[in-house]
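We did not get these values from a lab; they are worked out from the coordinates using the rules stated. Predicted model only: the values in this text are computed from it and were never measured. As a convention, Cβ positions derive from the backbone with ideal geometry for all residues, glycine included, and neighbour counts pool all protein chains shown.
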Amino acid sequence: MHVMNTGKMNEFLEYGEDLIVVSDVNPTCLRCLPWNGQVLSISGASKKYPSYDEAEDAGLWHPRCVHSFALYIPEIWGEPDENGKVKHEGTVSPDEWFAEQSDKFQRDYLGKGRYEMYKAGEATLEDMMAHGGHVPTLEELRASRKKVLPEVINAPTESVNTDIINSRGDIINSPIEQAHPVDVTFGVKELNQRQQKILDVLSDVGSQVVVNKRDVSMLDLAAFTANTGNEFAMFTCKGKRLIIRGDHRSIHLYEDDIIKIRGEGYRWSGHTHVGYVEAHLIASQGDKNALKSFGQSNSVIYNSLGKWALIYPKEH
């Protein structure tokens, strides 16, 4: 992305053009949301608009970012508002857009804690967006409302068992300490040391690693997907787990690979899909074919937010 952006900007500068406008993308992460429709100066010479470097330093165009930019032409885009933003045709403000979404989408997008604050009117979407490149953590958001609702802040939280158990009784999502996929997706947290150590071994598409069963869960794989934009698959055999990295669309496993993995005693615990809406939890025909090849009645799909759904060989 950086190389492509640099090439486009150099071409604009050669023609004496210094201003660009950021695309308007919804849904997008809280880190990039403040930059929708923003006019930027390529060179940084403008005193009216922030520079491209400022936007990039604040988190725009991070890995897997879907934002782009176009040449700013006043006759086309019109005059920017007081914040230096133009309104793309047919678009609305982030708050207007978000208010129109379903409760389920809002909850999936924000995560449980932020969603509850949003619905209670204790924090707006703007409050949750990045400021100076920093996305407020849930703790920071709660601290900002503490004077209003101290009893809620200090209320004890109920312990919840987050284990998910498949048809054979294997725990595939254990509550080990981890950076949650939601936090990784929206740039609130980085992978923790344990997660990063596993991902470092899985550096390329097709790479594999075997780890102790207790050292990795499907939520970890969802966090890996949030971090890399790639799919990951997990196979379990007694006390060990085989993890395989795919690309942004699939895990590269052929029939011979499945026969080999199954022959070594592994079962397909689950895999991840890139994305964070309900459609990204729908099993493909390839998923169902693989499940049939493993001779299993079900497996599980996780998305980039850590949401999950079971897969069945046929419609269930």
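Projected label points at SER297 and HIS252, each 7 Å from Cα along the beta carbon direction, are separated by 3.5 nanometres. Among the trypsin sites (Lys or Arg not before Pro) within region 39-129, which fall in a DSSP loop and have no more than 11 other Cβ atoms within 10 Å of their own Cβ? Passing both the DSSP loop test and the Cβ count: LYS47, LYS48. Across region 2-77, the relative contact order, built from alpha-carbon pairs under 8 Å that are at least six residues apart, equals 33 percent. In loop segments of region 208-273 as defined by DSSP, the GluC sites (Glu not before Pro) with at most 13 further C-beta atoms inside 10 Å of their C-beta are GLU264. Placing R0 at 25 angstrom, the Cβ-Cβ distance between ASP95 and ALA309 gives a FRET efficiency of 0.25 after rounding to 0.05. Given their separation in residues at 0.36 nm each and the Cα-Cα distance between them, GLU278 and HIS62 gain 75.4 nm when the chain is fully extended. Residues THR137, THR28, THR225, arranged from fewest to most other Cβ atoms within 10 angstrom of their Cβ, appear as THR137, THR28, THR225. With neighbours defined as other Cβ atoms within 10 Å of a residue's Cβ, the residues GLU96, GLU82, GLU56, GLU17 order from fewest to most as GLU82, GLU96, GLU17, GLU56. Listed from fewest to most Cβ neighbours within 10 Å, the set ILE243, ILE282 follows the order ILE282, ILE243.
Loop-resident chymotrypsin sites (Phe, Trp or Tyr not before Pro) (DSSP state other than H, G, I, E or B) in region 11-118 with no more than 11 further Cβ atoms inside 10 Å of their Cβ: TYR15. When both region 208-276 and region 41-87 are represented by their alpha-carbon centers, they are found 39 Å apart.
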